[in-house]
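Read through the structure below, which is laid out as structure tokens, and then see the notes.
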Amino acid sequence: MTMNLSGKTAVAGVGYRQFKRGTAPWPERGVLVRAIVDACDDAGFDPADIDGFVSYAGDHNEPVRLMPDLGTKELNWSAQVWGGGGGGIAGTFGLAASAILTGQAKAVIIYRALAEGNSGRLAAAVMAHHLNDHMVGVGMVAPAQACAMRAERLLDYHGVPRSVCEELVRASYFHGSRNPEATAYGKELDLAQFRTARWIAEPFRLFDCSRENDGAGALLMVSSEAARDLRKPPVKLLSVAQGTQKGWGDLLENDNIELFATGGFRGITDKLYKMAGLTPADIDVVQLYENFSAQGIASLIDHGFCTYENVAEVVRYENLIAPSGRLPVNTSGGNLAHGFVHGIGTAVEAIRCLRRESVNPVPGARTCLLAGGPGAPTVSSAIFGVD
Amino acid sequence: MARMVTGQLGAEGPYWDGLAKGRLVLPRCNGCGKWHWPAVWRCGDCGSWDHEWVEQPLAGTIFAWTRTHHRFAGTEGLALPYVTALVLLDAVPIRLNGLIEGSEEHLGIGAPVTGRTTFTQFGKDEIPSIRWMLA
Ligand SMILES: [Zn+2]
């Protein structure tokens, strides 16, 4: 027996707290507890009734330690998606839905928290997960470098114009500059500065790279039925896919030749769209995890929004910005311009934009695709929708 | 003498032993002939546990590369900027990373390179590794 989980669970509340890196006013768990209670307040839900938790990327905050602050009565279920990077972010919704639909939990918090004082630099933590002598022996010690190498092949060998990276970054900053919560609030991208900023690892300059924040995000998920009784309109999980395919993964850069420069999503996107009964043309807005500009482009290609051939026609600044663009992307500013708490902000914005709560509204949007961290050995994506 | 950071993680022990002695050896499945990288104990294609490590010449073409300008922690032993190139070997369908030494004039995807083995300083460790030179 197979059961399609499409539409049967919903996000009922979101909470998000973000600070400049290294400046969180509380230890990591203190920030997280506040984000969880924010999500419950948003939904009109008693935090003590949360009975499940799921995170990704090796989050350090074990659910059982949250119980005294939340007043948790029963911890019935907890899990974490494998992987050191943001590849698992959307997969958390699939796990939560599975727990809810099989009766293992009733109300699940999806979360990620990060404070430099507790967990150190995120880039270092992600890399520690992957680090080995094959990499350090050749000076490859950061996600930026591993992604740069793939980006160079995407741009040079596969012929994706370098200008599309700039279009994506500009759109992110357009949205971020209008978002009071964003690091880029009030600051549109200075193109001259973007083009001459210091190199990090070619082809990436400074503004091609997401930069870490302290913070925490939490999303409350319940059955769609239970969500109807809560304060906010439910945002349903229409589909989720997580994993990888043969020829992609942790392969010492020996991924399949045609997959090497992708975001790694080609093995999961058919399942993603099929579960929702949708196609890329049905997606109204995209929240795109862009650790680096070119990986964001690769992800858009993988998810079927464009091809190597027509990417420059689709990934244009005017086309990517709300409210008028045909494919609004990262309406809060995304990881690049909103802030980077290991991508959880993109998940929060997926819910806000469908509830008409985004600071950059997309009129009439009914479907939102959340594309998880590209370039990770296992990746995940999800589609959300409102009736 | 090699001093490793993580050491052997999978089945690639003979690779490190070879590199430390100045030789590149790579594994071929004795069941189906497939070259495996990363190295495996069991061939996922044919199920064989029998692999032969075969010496290979250090020659190939650049598949991808990046030039690092930012001082990432741990790389203090390398002068900035430095180029890391992923090279597709001529003899077997395996790609190996190495630092580029010498002229970078002809750097680019598809450029032919030859290599040598050496050690890379990483903190207090000395990691057996490959240096590539552009033809
Ligand atoms: Zn075999």
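The values are calculated or read from the model by the stated rules, or taken from the named source; none is laboratory data. Because the structure is predicted, anything quoted here is derived from the model rather than measured. Note that we place each Cβ from the backbone using ideal geometry, even for glycine, and neighbour counts take in every protein chain shown. The protein model used for the area step is the full one, side chains on, heavy atoms only, and it has no ligands, DNA or RNA in it. Shrake-Rupley method; radii C 1.70, N 1.55, O 1.52, S 1.80 Å.
List of remarks:
- Gyration tensor over the Cα atoms of region A:113-179: the corresponding equivalent ellipsoid has semi-axes (square roots of 5 times the eigenvalues, largest first) of 27, 23, 6 Å.
- Within straight-line cross-link reach of A:LYS73, aspartates and glutamates at Cα separation under 12 Å, skipping those fewer than 8 residues along the same chain: A:ASP46, A:ASP49, A:ASP51
- Values of log10 I(q)/I(0), in the order q = 0.17, 0.21, 0.25 Å⁻¹, for region A:274-351 under a Debye, Cα-only, solvent-free model: -0.66, -1.01, -1.34
- Note on region B:58-99: Cα-only Rg and Dmax are 12.2, 35 Å.
- According to the calculation over all Cα-Cα pairs in region B:57-135, the P(r) per 10 Å bin from zero is 19, 51, 27, 3 %.
- Dividing the alpha-carbon radius of gyration of chain B by the rule-of-thumb value 2.2 N^0.38 Å gives 1.10.
- Annotation for region A:160-198 versus region A:1-41: alpha-carbon center distance of 26 Å.
- Dividing the alpha-carbon radius of gyration of region B:10-56 by the rule-of-thumb value 2.2 N^0.38 Å gives 1.08.
- Listed cross-link partners A:LYS106/A:LYS246; A:LYS8/A:LYS274; A:LYS8/A:LYS232; A:LYS106/A:LYS236; A:LYS236/A:LYS271; A:LYS20/A:LYS187 are compared with a 26 Å cut-off, the Cα-Cα value being larger for A:LYS106/A:LYS246.
- The candidates A:SER358, A:SER6, arranged from most to least accessible area with a 1.4 Å probe in the full protein assembly, appear as A:SER6, A:SER358.
- Neighbouring partner chain Cβ atoms per residue of B:119-130, average, 10 Å criterion: 3
- Residue-averaged [θ]222 nm for chain A, counting only DSSP H segments that reach four residues, each worth -39500 (n - 2.57): -9000 deg cm²/dmol
- Residues losing 10 Å² or more accessible surface upon assembly, region A:144-189, compared with the chain by itself, 1.4 Å: A:GLN145, A:MET149, A:GLU152, A:ARG153, A:ASP156, A:TYR157
- Degrees, to the nearest 10: A:344-354 long Cα axis against longest axis of chain A: 70
- Simple spin-label estimate for A:ASP69 and B:GLU76 in nanometres, 7 Å along Cα-Cβ: 3.5
- Sorted largest first by accessible area at a 1.4 angstrom probe radius, with every protein chain in place, the residues A:GLU258, B:GLU104 fall in the order A:GLU258, B:GLU104.
- When A:ASP229, B:ASP125, A:ASP41 are compared by accessible area at a 1.4 angstrom probe, the order from most to least is A:ASP229, A:ASP41, B:ASP125.
- Kirkwood's formula applied to the C-alpha pairs of chain A gives a hydrodynamic radius of 20.4 angstrom.
- Principal-axis analysis of the Cα atoms of chain A puts helix A:163-177 at an angle of about 40° to the longest axis.
- Modelled this way, with points 7 Å down the Cα-to-C-beta line, the labels at A:ARG198 and B:GLU55 are 4.5 nm from one another.
- Accessible surface of chain B, 1.4 Å probe, proportion on carbon and sulfur as whole %: 51
- Take each residue in B:95-104, count the other chain C-beta atoms within 10 Å of its C-beta, and the mean is 3.
- Chains A and B together, accessible area buried on both sides, 1.4 angstrom probe, square angstrom: 3000
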